[in-house]
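**Student:** Dumping the structure here so I can ask a few things about it.
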Amino acid sequence: MTQAKFSESLGVSRLSVSELLLEKRSMTPEMAVRVAKLLNTTPESWLRMQEAVDIWEVRQNPEKLAGIKPLSPKLLAA
């Protein structure tokens with residue numbers, strides 16, 4: 001299936017599909033619902049995949065989180 005046909009079937013622009021496939025755009029809840037309906041899957045499955053990618057990307061830069069220290073159990077209980 002071409003990107004043009006896929007985008008037409010989803011009711012979105014070809015640019016939206018192209019950017020999604022090239023990982024320049026994230027899967028939004030609305031797009032997840034559209035894709036799920038078209039492919040007879042669930043939007044939750046598409047959003048879980050996006051969430052996994054998002055978390056993986058954050059973990060590629062551990063220095064951004066280096067200053068965050070876990071709270072002690074004593075502080076959490078207060």
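**Student:** Per DSSP H run of at least 4 residues, take -39500 (n - 2.57); add these up for the chain, divide by its residues and hand me the 222 nm value, nearest 500 deg cm²/dmol. Can you show the working numbers first?
**Tutor:** Values: 5 runs with 49 residues, N = 78.
Mean residue ellipticity at 222 nm (helix-derived): -18500 deg cm²/dmol.
**Student:** Give the calculated FRET efficiency between MET1 and ARG59 to the nearest 0.05, with a Förster radius of 35 Å applied to their Cβ-Cβ distance.
**Tutor:** Once rounded, the FRET efficiency stands at 0.60.
**Student:** With a 1.4 Å probe and all protein chains left in place, how much accessible area per residue does the chain have, in Å²?
**Tutor:** Here the residues of the chain average 82 Å² of exposed surface.
**Student:** Still on this model: Determine the distance separating the Cα centre of the range 1-35 from the Cα centre of the range 41-78; give it in Å without decimals.
**Tutor:** 26
**Student:** Which chymotrypsin sites (Phe, Trp or Tyr not before Pro) does the range 3-78 hold that lie in a coil by DSSP with at most 14 other beta carbons within 10 Å?
**Tutor:** none
**Student:** Return one number: the angle in degrees, 0 to 90 and rounded to the nearest 10, between the long axis of the Cα atoms of helix 43-59 and the longest principal axis of the Cα atoms of the chain.
**Tutor:** Helix 43-59 sits at roughly 50 degrees to that axis.
**Student:** Positive end of the dipole of the chain, charges at C-beta (+1 Lys, Arg; -1 Asp, Glu), about the Cα centre: which of LEU20, SER9, ALA77 has its Cα farthest in that direction?
**Tutor:** ALA77
**Student:** Roughly how many percent of the accessible protein surface of the chain is carbon and sulfur, given a 1.4 Å probe and a whole-percent answer?
**Tutor:** 60
**Student:** Using DSSP to call loops (not H, G, I, E or B), can you name the trypsin sites (Lys or Arg not before Pro) in the chain whose Cβ has at most 14 other Cβ atoms within 10 angstrom?
**Tutor:** Passing both the DSSP loop test and the Cβ count: LYS24, ARG25.
**Student:** Measure nothing fancy, just the Cα-based angle from helix 29-39's long axis to the longest principal axis of the chain, in degrees from 0 to 90, nearest 10.
**Tutor:** Computed tilt is about 50 degrees.
**Student:** State, to one decimal in nm², a quarter of the convex hull surface area for the C-alpha atoms of the range 15-78, i.e. the direction-averaged projected area. Numbers along the way, then the final one.
**Tutor:** Working: hull surface 27.2 nm².
Taking a quarter of the hull surface, the average projection is 6.8 nm².
**Student:** Work out from phi, with θ = phi - 60° and the Karplus expression 6.51 cos²θ - 1.76 cosθ + 1.60, the ³J(HN,Hα) of each residue of the range 15-22, listed in order in whole Hz, and give x for Gly and Pro.
**Tutor:** 4, 4, 5, 4, 5, 5, 5, 8
**Student:** Can you tell me which lysines have their Cα less than 29 Å from the Cα of LYS24? Leave out same-chain residues fewer than eight positions away.
**Tutor:** By straight Cα distance, LYS24 reaches LYS5, LYS37, LYS64.
The values are calculated or read from the model by the stated rules, or taken from the named source; none is laboratory data. Bear in mind the structure is a predicted one, so any value in this text is a computation, not a measurement. Positions of Cβ are backbone-derived with ideal geometry, glycine not excepted, and every protein chain shown enters the neighbour counts. Accessible surface is based on the protein model in full, side chains and every heavy atom, while ligands, DNA and RNA are left aside. Shrake-Rupley method; radii C 1.70, N 1.55, O 1.52, S 1.80 Å.
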